[in-house]
Amino acid sequence: MAKHKKKGPEDSGKKSKKQKVTPAEETPSAPEAKPRKEAAGPEVREASPELSPEERRVVERKLKKERKKEEKKRLREAGIAGAQTARVQTLPASPSAAVLALEYLQGWARKQESWKFQKTRQTWLLLHMYDEDKVPDEHFFTLLNYLEGLKGSARELTIQKAEALMQEMDEARDPPLGKVQRLRQVLQLLS
């Protein structure tokens with residue numbers, strides 16, 4: 001004959017586990033219903049302790065998004081630009097890449113102790129050195145002196161690009177004279 005198990009503390013543990021699982025099965029539907037109710041009023045917020053902290057965060061995020069949308073809508077209706085554009089206008093403008101690169105070059109020319117090599121500034125200078133608008137004539141002579149110290153692959157690539165640009169300028173009908181003159185100076189210096 002088969003022995004019957006006694007009902008004791010083991011069974012009560014199983015029941016408690018089942019009871020704990022049952023509310024977890026019901027809670028996924030609760031967050032979906034809560035945002036609608038929570039938007040209704042403060043009395044529903046008192047019932048939120050039955051939500052887990054994670055579910056509360058999800059509900060709060062949804063409400064925050066809804067509030068932002070409503071605020072943007074009100075601002076649009078009032079004829080005011082978005083709040084983000086207003087924030088951007090109040091921030092101070094940062095210096096442009098051209099200004100930073102030319103300051104870098106001037107620092108090198110003055111042999112300042114605070115000067116240190118910056119690849120991004122050098123790259124910008126090498127890309128825009130033929131453009132008279134971006135690198136004015138008063139800085140170009142300093143740039144030529146800077147290029148004398150150029151070594152390694154940066155020097156080789158600069159020569160290759162200058163030669164390729166020179167070929168393009170030779171094929172062009174009306175090449176800009178300033179650009180051609182700068183190209184010749186760079187090629188004479190580096191070759």
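The values are calculated or read from the model by the stated rules, or taken from the named source; none is laboratory data. Keep in mind that this is a model prediction, so the values were computed, not measured. For neighbour counting, all protein chains shown are included, and Cβ atoms are generated from backbone atoms with ideal geometry for every residue, glycine included.
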### Query
Quick one: would you say GLN181 is touching a Ser or Thr at 6+ places or on another chain (Cβ under 9 Å), of a type in the set (S, T, N, Q) and at pLDDT below 95?
no
### Task
Go through the range 173-182 and give me each residue that's surrounded by 11 or more Cβ atoms within 10 Å (Cβ to Cβ) and out of contact with any Phe, Trp or Tyr (no Cβ under 6 Å at 6 or more places or on another chain).
PRO175, PRO176, GLY178, VAL180, GLN181
### Query
Among the residues of the range 146-156, how many are surrounded by fewer than 13 Cβ atoms within 10 Å (Cβ to Cβ) and either among the aromatic types (Phe, Trp, Tyr) or in contact (Cβ under 8 Å) with a residue 12 or more places away in the chain (or both)?
1
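Scanning the range 125-164 for residues that are assigned to a loop (DSSP other than H, G, I, E, B) and among the hydrophobic types (A, V, I, L, M, F, W, C), which turns out farthest from ALA101 (Cα to Cα)? Even if it seems obvious, please write down each step before you answer.
Taking the range 125-164 first, the residues assigned to a loop (DSSP other than H, G, I, E, B) are 129-136, 149-151.
From what's left, among the hydrophobic types (A, V, I, L, M, F, W, C): 129, 135, 150.
Details: MET129: 11, VAL135: 9, LEU150: 16 Å.
Only one residue tops the list, namely LEU150.
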